[in-house]
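K.L.:
For reference, the structure I am asking about is given below.
The values are calculated or read from the model by the stated rules, or taken from the named source; none is laboratory data. Predicted model, so just to flag it, every value in this text is computed and none were measured. Heads up, the Cβs are rebuilt from the backbone with ideal geometry, glycines too, and the neighbour counts pull from every protein chain shown.
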């Protein structure tokens with residue numbers, strides 16, 4: 001069973017290259033042992049060789065944006081299937097809260113958020129020898145992306161507003177995970 005998940009928002013900008021999606025990266029950044037989600041703002045440039053998504057890797061794709069709101073989650077004690085479900089749950093919370101913030105033309109396709117202007121998010125879930133890892137990111141400024149993008153800047157958001165959004169989505173998301181954990185604990189077997 002998943003233990004309580006912690007969240008940490010980093011004030012310092014960090015460049016995301018894909019190598020950060022590894023066991024204990026969140027621990028190294030936050031000092032938090034156990035399941036944790038770390039959020040920060042920074043540029044992104046993931047070369048084909050660092051892509052975890054084999055479909056994208058085989059198609060020689062890459063990921064790039066001038067500035068993104070990043071989240072890396074490391075969950076202990078769950079399966080990859082549960083991790084993919086948690087990934088989708090996170091995307092649904094982002095969609096809901098972004099709609100409330102005024103991004104009405106948003107739609108979800110699998111683990112992606114899109115608008116008529118382009119792709120707003122990237123996301124991947126994978127497994128390590130000790131944990132399930134998830135990276136989610138939302139474009140703040142999609143400059144440099146290899147595909148048309150939507151961006152949080154369309155809401156007038158910069159770094160500070162995006163970090164505020166990160167705190168809000170993490171509060172709701174972790175609350176939902178805690179409710180799932182409690183739901184598992186409160187029933188008797190039949």
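K.L.:
Taking the conditions exactly as written (more than 25 Å from residue 146 (Cα to Cα), crowded, with 16+ Cβ neighbours inside 10 Å and either at pLDDT 95 or above or within 15 Å of the chain's Cα centre (by Cα) (or both)), does residue 79 satisfy them or not?
P.N.:
Here the answer is no, as residue 79 does not meet what is asked.
K.L.:
Spot the failing condition for residue 46; the list is (1) farther than 19 Å from residue 165 by Cα; (2) in contact with a strand residue (DSSP E or B) (Cβ under 8 Å, 6 or more places away or on another chain); (3) in contact (Cβ under 8 Å) with a residue 60 or more places away in the chain, and only one is missed.
P.N.:
Residue 46 satisfies every listed condition except (3).
K.L.:
As an exercise: evaluate residue 57 against (1) surrounded by 13 or more Cβ atoms within 10 Å (Cβ to Cβ); (2) modelled with pLDDT of 95 or more; (3) farther than 21 Å from residue 173 by Cα and give the number of the one condition it does not meet.
P.N.:
(2)
K.L.:
Something else about it: Can you confirm whether residue 17 is under 17 Å from residue 134 (Cα atoms), touching a helix residue (DSSP H, G or I) at 6+ places or on another chain (Cβ under 9 Å) and surrounded by fewer than 16 Cβ atoms within 10 Å (Cβ to Cβ)?
P.N.:
In short, yes.
K.L.:
Another question about this same structure. If I ask for residues that are part of a strand (DSSP E or B), touching a residue at least 60 places away in the same chain (Cβ under 8 Å) and more than 16 Å from the chain's Cα centre (by Cα), which ones from the range 100-142 would you list?
P.N.:
141 - this is the single residue of the range 100-142 that is part of a strand (DSSP E or B), touching a residue at least 60 places away in the same chain (Cβ under 8 Å) and more than 16 Å from the chain's Cα centre (by Cα).
K.L.:
Now, a different point. Failed condition for residue 43, given (1) in contact with a helix residue (DSSP H, G or I) (Cβ under 8 Å, 6 or more places away or on another chain); (2) within 25 Å of residue 168 (Cβ to Cβ), with all others met?
P.N.:
(1)
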